[in-house]
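J.: Here it is, the structure, as structure tokens.
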Amino acid sequence: MRVKGKRYINRDLSWLQFNARVLQEAEDPNVPLIERMRFLGIFSNNLDEFYRVRYAAIKRLNLLTDSQSEPDLTGYKPDELLHEITQVVVEQQRRSQHIHNELVRQLEENDIIIPNEKELTSKQKEFVKKFFVEKVSPAVFTLIINGIDRIPELRDKSIYLAIKLVQRDNPENPRYALIEVPAELIGRFVELPKYGKQYIMYLEDLIRFNLNYIFFIFDFDEIEAHTIKITRDAELDLDNDISTSFLEKMALGVQHRRSGDPVRLVYDKGIPSDLLQFIVERMDLDNFDSLIAGGRYHNKKDFIKFPNVGGSSLVYSPVEPLYHPDLDLNRSILEVIRKKDVLLFLPYHTFSYYIRFLREAAIDPDVKSIKITLYRLADKSRIISALINAAKNGKEVTVVIELQARFDEANNIRWTQELEQEGVRIIFGVRGLKVHSKVCIIRRKEGNRYRDYAALGTGNLNEATARFYTDYHLLTSDKKITNELNQLFDFFDANYLVKPYEHLIVSPHFTRSRLYELIDTEIANARSGRSAQIWIKVNSLSDIEMIDKLYLASSYGVKIKLIVRGICSLIPGKKGLSENIEAISIVDQYLEHTRIFAFENGGDAKYFIGSADLMNRNIDYRVEVTVPIYNRSIQKQLMDHFNILWSDNVKARRQSHLDMNPYRDVSEENPIRGQRALYDYVKKQLKKATK
């Protein structure tokens, strides 16, 4: 991967480097075999979303601008970047196919066989035919595409079998067809009867075996089927019809997304050229639509749910979430946080504490109101259940829900309608801004006054992702925090009420200036000869102005440590630019999602956690909340957590402008795997508290 310019790495190419780190996990022989298959699925799912969002956006930019370079593309012209992305992706796809083939071989060594339609025993053939007739056939959609000028819109989350039927005496006039593989309805992987070994069959191969059953009305001598997959632009088109409610516009936008412009076609490289050409022409794919030859199987995202039929040794050992030393089942959470701040650290602590926090408020007769922001929710959300319970108990419940949470819009629309039916007050975010903050405030009457209890976090209130995303949630009744959190909810009610904050750092109005002040303090200390250090852990770092500010701090001698899981447009350790900046990325069993900001501040260190990454969108175009940590014990925990991850020499990679993702040197005498070490740390805290 080449880097244009001397100061920054293009954000999209850096993201592809991150996805290559995910692919490294699929390749790592030390990762359990089924988990490697699932990492291959994560890699594929990530890439699909990248094409739907980023590649599609660059393509639109290319169509709308002249040939001049765009500032946010860090030196690239749009067409140059599209070309560069395609080159990187083609190589990654080649590598992923090689990894896939190796994993299939290793599955066979563990007596897990994935037969295709030509490798079935007689009994398996009977099972496959019966399974098709009873379960698959009613769900199969078959489209004959000969004689049509344009192929109807293909769904971008599906795979299709492109079919060619040929008569020997008329080979020049083949018949073409498309079959949508109904994986969402049936499941991608079909477990066959066990004959000493475990057998798992791809659904599309099961359909291939039954092609004669599907096309029996046609006269043909040869038939072949090859998989294709289309990826579409995921941008929502929201019209300006003032007679339509925002909820209705969002629902229509989600529906129209299904027919977004195609941005990528991945196809089986063995497909006949005439069939491929026919499909390309009738889908009106232009020069900037990425055509990528792949292997026999696509939509490897389904590997995320690859079944484990081979025993516990092929997956990660289950890690039970730990209890929090300050919280227990027989004690009121509100009572605890009335006296002290509590930090939940997921998934090391159980997410059930957050559910209990809301459920306790829902039934407490002295609780008068609950206000909360919601971004992404589980399909079966206990958060929603707790809020509805509160509303039924007469509490004033206000939910600020972000309908434009990408790819979760339909889910959030459904929850919105359910909440409204139960009398919950809904606020649809802030016009022109996404509400990405993760905050909640509960008001309780205590004697003759009211007390507020708050939760402020780094991650979504989603029970499903809470099992494998690392996140913090601060529970507090500190008036310095709760007063300003009420101020934020006033802003949601009346967007013209923008008041200053002394404690919270809130986007879009104050995050940039406040972080600059904190960095400037470190610069001033360094210039005066005092120790000056910054510790930052985020998902992404791509804001050019923020990067320049960190470069400036480095030039004055401020020592900066960065843990950046994904995009990192900053080039660390570069002479004359960033000698004092080190940066690593950790990809492991859990998705690193916590965000920490810490500043030495002349010996009186300042600590923060929050929902914002260091990206232009988070700083300037979203509502984000970063909260200061005042509790000394929690401050120490945060620094310990950071240092444990920083010491990782097993799963940590050095952030680099070279497309190499080099691992840190592993010490055979003292290997440290950060996530495992963090679990041990949290476990020791619990043991120490219970002695």
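Here, each number is a calculation from the coordinates, and none is a lab measurement. As the structure is a prediction and not an experimental result, all values here were calculated from the model. We place every Cβ from the backbone using ideal geometry, glycine too, and count neighbours over all the protein chains shown.
J.: Can you tell me how much longer the chain between residue 520 and residue 277 gets when fully stretched, taken as 0.36 nm per residue apart minus their C-alpha distance, in nm with one decimal?
T.: Details: separation 243, 0.36 × 243 = 87.48 nm, distance 5.86 nm.
Taking residue 520 through residue 277 to full extension adds about 81.6 nm, to one decimal.
J.: Show me 199-210, 171-182, 125-136 ranked by packing, highest mean number of other Cβ atoms within 10 Å first. Mind showing how you got there, number by number?
T.: Working: 199-210: 21.8, 171-182: 17.6, 125-136: 15.2.
The peptides rank, most packed first, as 199-210, 171-182, 125-136.
J.: Select one label from (1) 149; (2) 166; (3) 194: the one whose number is volume of the Cα convex hull per residue in Å³ as derived from the coordinates shown.
T.: From the options (1) 149; (2) 166; (3) 194, the structure gives (3).
J.: Would you pull out the residues with amide H under 5 Å of residue 268's amide H, same chain only if 5 or more places away, H placed 1.01 Å from N?
T.: Correct list: 227, 294.
J.: Please report, in debye to the nearest 20, how large the charge dipole of the chain is about its Cα centre when each Lys and Arg carries +1 at its beta carbon and each Asp and Glu carries -1 there.
T.: Numbers: 100 positive and 97 negative charges, 507 e Å.
I would put it at about 2440 debye.
J.: Taking 32 Å as the cut-off for C-alpha to C-alpha distance, list the pairs among 380/606; 339/537; 537/683 that go past it. Numbers along the way, then the final one.
T.: Values: 380/606 38 Å; 339/537 29 Å; 537/683 22 Å.
Flagged as over cut-off: 380/606.
J.: Cα axis of helix 122-131 to longest principal axis of the chain: angle in degrees, 0 to 90, nearest 10?
T.: In the chain, helix 122-131 runs at an angle near 70 degrees to the longest axis.
J.: Just to check I understand the Karplus step: with θ = phi - 60° and J = 6.51 cos²θ - 1.76 cosθ + 1.60, what whole-Hz values come out for region 42-55, glycine and proline as x?
T.: Per residue, the Karplus-derived 3J(HN,Hα) values read 5, 4, 5, 5, 4, 5, 4, 5, 4, 5, 5, 9, 6, 4 Hz.
J.: To test your reading of the geometry: what angle, between 0 and 90 degrees and rounded to tens, separates the Cα axis of helix 78-109 from the longest principal axis of the chain?
T.: With both axes taken from Cα atoms, the answer is about 70 degrees.
J.: Next question, about the same structure. Quote the FRET efficiency, to the nearest 0.05, computed for residue 116 versus residue 640 with a Förster distance R0 of 51 Å and r equal to the Cβ-Cβ distance.
T.: Taking R0 as 51 Å, the efficiency between residue 116 and residue 640 is 0.50.
J.: Rounded, prolate or oblate: pick one for region 505-690, where a ≥ b ≥ c are the square roots of the eigenvalues of its C-alpha gyration tensor, a/c under 1.5 means rounded, and failing that, prolate if a/b is larger than b/c, else oblate.
T.: Details: a/c = 1.43, a/b = 1.19, b/c = 1.20.
The shape class here is rounded.
J.: Please give me the summed charge of the neighbours of residue 600: other residues whose Cβ is under 10 Å from its Cβ, Lys and Arg +1, Asp and Glu -1.
T.: Values: positive: 530, 559, 606; negative: 522, 604.
Taking every Cβ under 10 Å from that of residue 600, the sum is +1.
J.: On to the next question. 7 Å from Cα along Cα→Cβ at both residue 139 and residue 496: what's the point-to-point distance in nm?
T.: Output for this residue pair reads 5.4 nm.
J.: Rounded, prolate or oblate: pick one for region 1-130, where a ≥ b ≥ c are the square roots of the eigenvalues of its C-alpha gyration tensor, a/c under 1.5 means rounded, and failing that, prolate if a/b is larger than b/c, else oblate. Intermediate values should be presented prior to the final figure.
T.: On the way: a/c = 3.86, a/b = 2.23, b/c = 1.73.
Prolate is the answer for region 1-130, as a/c is 1.5 or above and a/b outweighs b/c.
J.: Tell me whether region 598-660 comes out rounded, prolate or oblate; compute the Cα gyration tensor, take square roots of the eigenvalues as a ≥ b ≥ c, and use a/c under 1.5 as the rounded threshold.
T.: On the way: a/c = 2.25, a/b = 1.11, b/c = 2.01.
Oblate is the answer for region 598-660, as a/c is 1.5 or above yet b/c matches or exceeds a/b.
J.: For every other residue with a beta carbon closer than 10 angstrom to the beta carbon of residue 111, add +1 if it is Lys or Arg and -1 if Asp or Glu, then tell me the sum.
T.: On the way: positive: 194, 197; negative: 108, 109.
It works out to a net charge of 0.
J.: Among 636/688; 340/392; 445/480, which pairs are too far apart, with a Cα-Cα distance over 20 Å? Show your work: numbers first, answer last.
T.: Values: 636/688 16 Å; 340/392 30 Å; 445/480 18 Å.
Correct reply: 340/392.
J.: Taking Cα atoms, how many degrees apart are the long axis of helix 246-257 and the longest axis of the chain, rounded to 10 and kept between 0 and 90?
T.: Between helix and principal axis, roughly 40 degrees.
J.: If you don't mind, there's one more thing I want to ask. How much net charge surrounds residue 682 when only other residues with a Cβ under 13 Å from its Cβ are counted (Lys, Arg +1; Asp, Glu -1)? It would help to have the intermediate numbers written out before the result.
T.: On the way: positive: 676, 683, 684, 687, 688; negative: 320, 326, 640, 680.
Once all neighbours under 13 Å are counted, the net charge is +1.
J.: What list of ³J(HN,Hα) couplings, whole Hz, do you get for region 295-303 from phi and the Karplus terms 6.51, -1.76, 1.60, once you set θ to phi - 60° and write x for glycine and proline?
T.: Residue by residue, region 295-303 yields x, 5, 10, 10, 6, 5, 4, 5, 5 Hz.
J.: Run the reach check for residue 6 against aspartates and glutamates, Cα to Cα strictly under 19 Å, same-chain hits fewer than 8 apart removed. What comes back?
T.: Those aspartates and glutamates meeting the cut-off are 70, 72, 80, 84, 543, 545, 548, 579, 582, 659.
J.: Convert each backbone phi in region 565-573 into a coupling constant with the Karplus relation 6.51 cos²θ - 1.76 cosθ + 1.60 (shift: θ = phi - 60°), then list the ³J(HN,Hα) values in order as whole Hz, x for Gly and Pro.
T.: Result, rounded to whole Hz: 5, x, 4, 9, 7, 6, 9, x, x.
J.: Could you rank the peptides 510-523, 414-427, 558-571, 488-501 by their average count of other C-beta atoms within 10 Å per residue, with the highest value first? All intermediate terms of the calculation are to be shown ahead of the outcome.
T.: On the way: 510-523: 17.7, 414-427: 15.8, 558-571: 24.0, 488-501: 13.4.
Top of the packing list down: 558-571, 510-523, 414-427, 488-501.
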